[in-house]
Each structure stands twice: as structure tokens, then as C-alpha cells.
Amino acid sequence: SPQWLECFERVHIRQRRTFDSSATPKVGVRRRDPKRRALPDIDAIRESFEEVIREAEADDPDLLRQRIRDLETELETRPTEIETREVIKTRKVRLLPKSEILRILNMGKKLSRSIDKLTGELVSNQLLLSVEQESHGDVSTSHSVKPETKPTPVTPISRAKTKEPSDSTGIGKAHKAILTVLHAYGSRSKLQLAFLAGYVHSGGAFNNPLSNLRTRGWVEGKSEIALTPEGRSYATYYAKNVHLPTGKALLEHWLGLSYFGKAHRAILTEVAIRPGGITKQLLAELTDYSYTGGAFNNPLSRLRSLKLIEGSDLIRLTEEFRKAINR
């Protein structure tokens, strides 16, 4: 096609060199037959017919019936399989609102505080009862709580006629309290002596009379304060008329000091009823003060400086004050 070849001209086409089966026989020309015939390409023919064969087999009724019989036989001989499926059941649960959760948590905290207070009061009452019973010579009860350390025996105050002080000028209440404590309990450290006498160990109301008694020659010692032979006779006289608070009464004496505020009393009360101590955070919650606020930390620091309590995270009574109020 000139249009397809894009060429419109006369061309020369060579003659075929192989056998031309389409040639027209001519007169007088001997026909040339092929000497050897080419073998057909069976694979190529088969490939060209594969699609046709597949379509024929797909539509062949006999083949389809045979396929059905084979599948039925296979299904009958196959063992029965039980299909198990895990079923997860879900149920909707109504969540509590945040306000309700906070209310329940606050109730739990209040309940915990109440239990802690009752437990502390029970331990304190048992401890004080034991101390009172021991002071009266009654230690037969099985419910008394034994003190951690055996108290020092109290020297009984003689009621016999004693020597009247020849020089009582300048002898005040603090002097008499100091002499009475040393007469009753023997030699004491300065801190224990102050606690038992009911005075602050670092205050002038205690240190000035103590210094005056040293000057008079009635007491001696620095780390351990003791009566001198001369001071013993004076202490025997003053001890008859001086009644010092002991045990629970001594604790109430400290709680009633005028320079103690509400926070001081609340902190000291909570710590005193817990011999094993109490954490600072719980102490703040029980006394209704902020853990980090000055209204709580300042009184706490003041009680530490007075050597009534000790500890930073675990707050407890100092050993000297605990022994003093448990006598």
C-alpha cells in the first residue's frame, strides 16, 4: 500500500530462491519438487491451541461431572473439623465523675486520720496507766504497757524534822524545783533537769537559778548536775513543800505554757501519743496545717530548739523529754 509504505514508485523485487509453490507452471519447464519437507513445530502449535483447549474443557459436561464426583469423595473422606472461636463479651460500666472520686478520697483520708488519732490515744492512755500503776507499786495487771527503760527509783522524801535553811534569801520557785528534782531523781543531765523542773533548758528562768545554786555550793557538775552534801540538806527541806508534776501532769504543764500557741500544743500532743514517732506529712494533716506553711514549720522548729521533739521526716519526742513525762 503506497499510503502505508508512504512510497509511490516502481521497485524491483527479487525472485525467490527457495521452492515457490505459488509459481504458475510454464510449458516446457520441468517442475521442481522439494527434496525435503520441514518438520512442523508441535510445541508452537500446542501453545496456540492451549487457550482453546482450556475453554473447551471448562465447558465439557463430562469433565465437570467428574470434577464434582472427585470433590464429593474428598469431602466424605476428610475428617470433621470443629471450628472454635473466642468470644469476648464486653459490658459498659459507668465511670464515676471526678468530683465523686475526690469526695471518696477525702472521706478515706478523714477516716485514716480518725483511726490514727484513736490508736495514738489508746497507746498513750495505756502508757500513762502503766506509769501511774508503777508509781503506786501496782504492776500486777497484764494490760499495762511497760516503759522502754526502767525508771530511776525516786528517793522518798523524809518527813522527819530537817534542818531549816540558814540562808533562804533569793531562793525562788525555780531554785526549789531544781533542788526537789535532784533530791527525788538523783543526778540528772541539764536537759533532763530542766524538763523535770518544768523549765526551758536554754531560758534565763532556769539557767540563772542553776548558776546561783552553783555559786552557793548546793549543786555541782556541768554535764551531770548533782547535789552537794550541803545542798542535800537544803533540798530535803524544800522537797517537803514542793510538788512537781510528773507523767501526764508534766506533759499538761508543758502544753499549758503561755508562750505556746495553738500549733505548738497541737503538734506536741500528736507527737506525744505516738512513742514510735509520726511522719511530718501526716502530722501536718492531723493538725490541719499546710505541710510547707510557716504556721506549721515555725512552731515545729521552736519545739525542736526547746529539745522537746527531734527528727526531720519522722518526728518524735526527744529521749530526755520522753523519759521525763513517762516517770
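For the pair Leu96 and Ser202, a Förster radius of 56 Å applied to the C-beta separation gives a FRET efficiency near 0.55, rounded to the nearest 0.05.
Compute for region 203-309: radius of gyration divided by Kirkwood radius, i.e. Rg/Rh, restricted to C-alpha atoms, rounded to two decimals. Show your work: numbers first, answer last.
On the way: Rg = 18.2 Å, Rh = 16.5 Å.
Here the Rg-to-Rh quotient is 1.10.
Across the cross-link table entries Lys173/Lys262; Lys190/Lys307; Lys110/Lys280; Lys190/Lys240, which are compared at the Cα atoms, the separations over 21 Å belong to Lys173/Lys262; Lys190/Lys240. Rg and Dmax of region 248-325, based on Cα coordinates, read 11.3, 32 Å.
To the nearest 20 debye, what is the magnitude of the charge dipole of region 241-327 about its Cα centre, counting +1 on the Cβ of each Lys and Arg and -1 on the Cβ of each Asp and Glu?
220
If I take R0 = 22 Å and measure r between the Cβ atoms of Ser258 and Ser290 in this structure, what FRET efficiency does the formula 1/(1 + (r/R0)^6) give, to the nearest 0.05? List each step's numbers first, then the result.
Values: r = 26 Å, r/R0 = 1.16.
Step by step, r from the Cβ atoms, then E = 0.30.
Computed from label points 7 Å out along Cα-Cβ, the spacing between Phe49 and Thr24 is 3.7 nm. Protection proxy ranking for 102-111, 271-280, 317-326, using the average of other Cβ atoms within 10 Å per residue and placing the highest first: 317-326, 271-280, 102-111.
The numbers here are math on the coordinates, done by the rules we state, and not lab data. Everything quoted here is computed from the prediction, not taken from an experiment. Glycine also receives a Cβ, built like all others from the backbone with ideal geometry; neighbour counts cover every protein chain displayed.
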